[in-house]
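Notes follow once the structure below has been shown.
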Amino acid sequence: MSHHRGFYLLTFVAVVLPLAFPDNYFVTVVGVTAALHAILAVSLNLLMGYAGQISLGHAGFFGIGAYVSAILTTRYGWNPWPAIIAGLGLTCVIAFTLARPILRLKGHYLAMATLGLGIIINIVLVQAGDFTGGPDGLGEIPTLSLFGWQVDSDLRWYIVIVSVLLLVVWLALNIINSRSGRALRALHGSEVAAEMMGINTTATKTGVFVLAAMIASMAGSLFAYQQAFVSPDSFSFFFSIELVTMVVLGGMASTYGAIMGAIILTFLPEFLVVFEDFEVMIFGAILMLMMIFLPQGLFVGLRNLLRRIVAGRRSAAEAAEPEESGRDAA
Amino acid sequence: MTLLKVSGLSKSFGGVTAISDLDFEVPRDQVYSVIGPNGAGKTTLFNMLSGIYRPDEGKIRFLDNEIVGRQPHKVAELGVSRTFQNLQMFFNMSVLDNVKVGCHLRTKSRLWNTALRLPGTRREERQAELWARESLHFCDLEQYLQRDAGALPYGVLKRLEIARALAAAPQLLLMDEPAAGLNDTETKQMRRLIRRISEAGITVLLVEHNMGLVMEVSDRILVIDYGSRLAEGSPAEIQNNPRVIEAYLGGEVEYAV
């Protein structure tokens with residue numbers, strides 16, 4: 001399948017980068033954050049880009065995973081691994097319970113409901129101080145270890161989180177190019193036609209909502225162990241918006257686009273540091289220009305541009321050759 | 001043999017009666033058309049037959065199953081598929097993928113199986129592709145296989161909707177105005193396609209305003225007006241029915257085959 005070419009390339013880059021630049025701040029520090037964001041963006045993209053169900057509360061599930069792991073390991077002395085599973089379990093229950101009433105809504109109403117959900121989760125994190133440490137957060141979270149291999153350096157965290165990212169991308173690509181992925185996209189295209197083709201749209205929406213939430217929860221647990229500290233600020237409404245922006249920037253309904261959006265939005269602030277106070281302004285300006293000139297997102301926009309150039313060259317060479325097909329929804 | 005039996009069907013929207021106490025039977029392997037003036041309740045009828053609306057009263061029997069009370073995807077499971085008056089394509093997908101969605105009920109892979117690419121999912125994927133290609137071939141759409149649905153002309157999309165519905169291998173196909181907006185050549189193509197569908201052993205329930213097309217392809221015709229039955233019979237009977245002529249066909253009948 002052609003969609004695996006992109007995956008191999010991604011894997012190659014992920015492996016080569018730390019080999020070529022070991023101990024490089026941008027690879028093993030910012031790179032890890034970018035990879036974590038990419039996991040979140042890819043999961044949100046399944047829900048938003050493919051199934052067309054916007055969520056402005058994705059950071060909430062990220063927070064649940066992080067806090068369940070943080071609380072169970074620090075307060076109850078759990079091993080970090082079962083704590084991840086517990087986070088996934090709680091997220092699954094919450095997402096499944098809320099999916100039905102929430103996903104009944106459409107458009108702005110769905111946006112408002114998910115926004116409320118994210119804010120409520122954040123408020124709980126702040127208010128349930130006995131458990132969560134309130135606004136001060138929770139520290140001294142133990143790190144992961146795998147058969148005695150302690151994940152205690154930047155490079156080791158790079159290996160763990162990038163591996164999880166590759167796994168998530170692989171899962172997402174498999175889904176998209178399958179019966180389930182088509183059901184998601186069909187739902188986006190026309191809900192009534194999808195139903196008429198036998199797709200249980202309620203169950204499909206619930207499934208993708210729960211899946212996206214669980215991936216976010218997983219990322220949250222990893223984040224907690226990697227930072228060794230969590231506070232509600234990391235899971236605020238603003239972070240949800242940032243995640244949505246990553247998906248839109250890279251290109252809706254494109255897994256590689258979501259990764260690209262995550263990388264750009266993670267690295268941009270690093271380079272805009274010299275502008276200090278103007279950082280947010282530049283950030284906003286870039287977004288505005290994007291929306292005006294490349295509304296389908298950077299990844300899809302650039303790919304189409306490349307295709308046009310290639311096709312233009314080809315048609316100049318051999319006039320009757322039909323345009324390249326083989327279009328894949330990756 | 002009766003495939004679909006509608007009895008005492010009624011539906012009103014906030015006091016406006018769309019369908020009232022309608023009875024009819026669709027025999028298997030026939031092309032059965034429902035005609036009537038705009039607003040007669042034809043699309044409302046289709047929406048009830050496909051489970052989108054729930055009737056206020058009445059029964060819809062499909063073989064041994066009751067359609068009333070089932071959600072659309074459950075109705076589809078029984079072997080009912082449909083096309084829409086205003087196109088309901090998946091414009092965000094390729095032509096092939098649109099039709100593959102039609103194969104949804106003939107395949108089984110679940111979200112988790114496909115995510116992990118478990119054995120069987122790939123075989124099923126190949127099978128779905130085969131069915132989809134067959135369906136596209138049946139509707140003369142092979143040349144558009146890899147195109148994006150959003151980039152196709154209207155007449156092609158009308159046939160693509162049919163290809164998608166046929167990919168579900170239905171027993172009954174509901175067609176809501178398949179020739180609306182088509183030019184003469186495309187209408188002729190559509191007429192041949194409806195015939196081929198019928199010859200393939202699929203019962204067709206057709207709503208259409210193009211009387212030439214209806215008279216040519218139909219085995220039986222039901223005329224409804226204000227949501228009730230005005231007449232029912234063969235095309236020849238309908239064309240000579242004075243009530244139908246008065247209410248719908250107009251003074252002269254010039255649609256003879």
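The values are calculated or read from the model by the stated rules, or taken from the named source; none is laboratory data. Values in this document were obtained by computation on a predicted structure and should not be read as measured data. Ideal geometry is used to build each Cβ from the backbone, glycine not excepted, and the neighbour counts take in all protein chains shown.
Restricting attention to the stretch B:76-97 and to residues that are within 17 Å of the chain's Cα centre (by Cα), more than 8 Å from chain A (Cβ to nearest Cβ) and crowded, with 21+ Cβ neighbours inside 10 Å, the residue that is nearest to B:GLN146 (Cα to Cα) turns out to be B:THR83. Under the condition of being of a type in the set (Phe, Trp, Tyr) and buried (at least 18 other Cβ atoms within 10 Å of the Cβ), the residues counted in the stretch A:249-297 number 1. Among the residues of the stretch B:82-103, those that are polar (S, T, N, Q) and either in a loop (DSSP other than H, G, I, E, B) or in the same structural domain as B:GLU208 (by TED's automatic domain parsing) (or both) comprise B:THR83, B:GLN85, B:ASN86, B:GLN88, B:ASN92.
Matching residues to (1) small (Gly, Ala, Ser); (2) in contact with a Leu (Cβ under 6 Å, 6 or more places away or on another chain); (3) within 22 Å of B:GLN239 (Cβ to Cβ):
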residue: B:LYS5; (1), (2), (3): no, no, no
residue: B:PHE13; (1), (2), (3): no, no, no
residue: B:VAL16; (1), (2), (3): no, no, no
residue: B:ASP23; (1), (2), (3): no, no, no
residue: B:GLN30; (1), (2), (3): no, no, yes
residue: B:ILE35; (1), (2), (3): no, no, yes
residue: B:GLY51; (1), (2), (3): yes, no, no
residue: B:LYS59; (1), (2), (3): no, no, no
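Checked against the criterion of being among the small types (Gly, Ala, Ser), without any contact (Cβ under 8 Å) to a residue 40 or more places away in the chain and part of a helix (DSSP H, G or I), the stretch A:20-39 has at least one qualifying residue.
Exactly one residue among B:ARG117, B:ARG110 is touching a helix residue (DSSP H, G or I) at 6+ places or on another chain (Cβ under 9 Å), within 30 Å of A:LEU167 (Cα to Cα), surrounded by 15 or more Cβ atoms within 10 Å (Cβ to Cβ) and within 11 Å of another protein chain (Cβ to nearest Cβ), and that residue is B:ARG117.
Condition check ((1) in contact with a Cys (Cβ under 8 Å, 6 or more places away or on another chain); (2) charged (D, E, K, R); (3) surrounded by fewer than 19 Cβ atoms within 10 Å (Cβ to Cβ)) across all residues:
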position: B:GLY212; (1), (2), (3): no, no, yes
position: B:GLU216; (1), (2), (3): no, yes, yes
position: B:ILE221; (1), (2), (3): no, no, no
position: B:TYR226; (1), (2), (3): no, no, yes
position: B:ARG229; (1), (2), (3): no, yes, yes
position: B:ILE238; (1), (2), (3): no, no, no
position: B:ARG243; (1), (2), (3): no, yes, yes
position: B:TYR248; (1), (2), (3): no, no, no
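Of A:ALA285, A:ALA262, A:ALA253, which residue is part of a loop (DSSP other than H, G, I, E, B), farther than 18 Å from A:TYR67 by Cα and among the aliphatic types (A, V, I, L, M)? I'd like the intermediate steps shown before the answer.
On the way: A:ALA285 fails: part of a loop (DSSP other than H, G, I, E, B); A:ALA262 fails: part of a loop (DSSP other than H, G, I, E, B).
Going through A:ALA285, A:ALA262, A:ALA253 in turn, the sole match is A:ALA253.
Which of the residues belonging to the stretch A:170-193 are without any contact (Cβ under 8 Å) to a residue 60 or more places away in the chain and more than 7 Å from chain B (Cβ to nearest Cβ)? A:GLU191 - this is the single residue of the stretch A:170-193 that is without any contact (Cβ under 8 Å) to a residue 60 or more places away in the chain and more than 7 Å from chain B (Cβ to nearest Cβ). Looking only at residues that are without any contact (Cβ under 8 Å) to a residue 12 or more places away in the chain and assigned to a loop (DSSP other than H, G, I, E, B) in the stretch B:39-70, which one is surrounded by the most Cβ atoms within 10 Å (Cβ to Cβ)? So, considering only residues that are without any contact (Cβ under 8 Å) to a residue 12 or more places away in the chain and assigned to a loop (DSSP other than H, G, I, E, B), the one surrounded by the most Cβ atoms within 10 Å (Cβ to Cβ) is B:GLY39.
Residues that are hydrophobic (A, V, I, L, M, F, W, C), at pLDDT below 95 and farther than 15 Å from A:VAL160 by Cα within the stretch A:20-41 comprise A:ALA20, A:PHE21, A:PHE26, listed in sequence order.
Looking at A:LEU44, A:LEU17 in this structure, which one is among the aliphatic types (A, V, I, L, M) and either under 18 Å from A:VAL168 (Cα atoms) or at pLDDT 95 or above (or both)?
Numbers: A:LEU17 fails: either under 18 Å from A:VAL168 (Cα atoms) or at pLDDT 95 or above (or both).
Only one candidate qualifies: A:LEU44.
The criterion of at least 3 residues that are within 21 Å of the chain's Cα centre (by Cα) and within 29 Å of A:THR202 (Cβ to Cβ) is met, among helices (runs of 4 or more DSSP H) falling completely within the stretch A:76-160, by A:80-103, A:107-127. Take the residues of the stretch B:120-153 that are modelled with pLDDT of 90 or more, assigned to a loop (DSSP other than H, G, I, E, B) and away from every other protein chain (no Cβ under 11 Å): which is surrounded by the most Cβ atoms within 10 Å (Cβ to Cβ)? Applying the filter and picking the extreme gives B:CYS139. Restricting attention to the stretch B:90-110, which residues are over 17 Å from B:HIS73 (Cβ atoms) and charged (D, E, K, R)? Answer for the stretch B:90-110, where residues must be over 17 Å from B:HIS73 (Cβ atoms) and charged (D, E, K, R): just B:ASP97.
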